[in-house]
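Q: One structure coming up, written as structure tokens, with questions to follow.
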Amino acid sequence: MNLLARGRDGSRIRIVFNGSPLFTGDAGSGESNIRKWIIENDWLEGIVALPDQLFYSTGINTYIWIVTNRKQRKRRGKVQLVNAVDFFVKMRKKEPRQ
């Protein structure tokens, strides 16, 4: 929220999160209220789901949140969800040096 509050008009912010901000917090909790505030103010432009194991030796699901205060008129009231989970090529691990 600090990034959003400090952003100038016309700001676009991309934030990399694990799944926690999407799925934690019961209704009425702090996390839930923050999500609600972002959506009600129509600042969430989109969420991109990235493949797991994107970061070395982790199975963490990762998401990019795109937040803006300059949505195009035709995009107002909408959130774009992109499933990019299958758009990757797994790289081979390097052999450890001996």
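Laboratory data are not the source of any read-out in this text; all were calculated from the coordinates shown. Model, not experiment: these values are computed from the prediction. Because the Cβ atoms are built from the backbone with ideal geometry, glycine has one as well, and the counts that use them run over all protein chains shown.
Q: Sort 62-72, 33-43, 76-86 for me by packing, meaning the mean count of neighbouring Cβ atoms within 10 Å per residue, highest on top. Don't skip to the end; give the middle numbers.
A: On the way: 62-72: 16.4, 33-43: 13.7, 76-86: 11.1.
Sorting 62-72, 33-43, 76-86 by mean packing, highest first, produces 62-72, 33-43, 76-86.
Q: If Lys and Arg each add +1 and Asp and Glu each add -1, what is the summed charge of the other residues whose beta carbon sits under 14 Å from the beta carbon of R73? Numbers along the way, then the final one.
A: Values: positive: R70, K71, K74, R75, R76, K78; negative: D42, E45.
Value of the local net charge: +4.
Q: Could you check the spin-label model distance between D52 and N69? Points 7 Å from the Cα along Cα→Cβ, value in nm.
A: Between D52 and N69, the simple spin-label model gives 3.7 nm.
Q: So, in Å, what gap is there between the alpha-carbon centers of region 60-75 and region 43-59?
A: 14 Å
Q: If you rank R92, R14 by fewest surrounding Cβ atoms within 10 Å, what's the result?
A: On the way: R92 5, R14 12.
Going from sparsest to densest Cβ surroundings: R92, R14.
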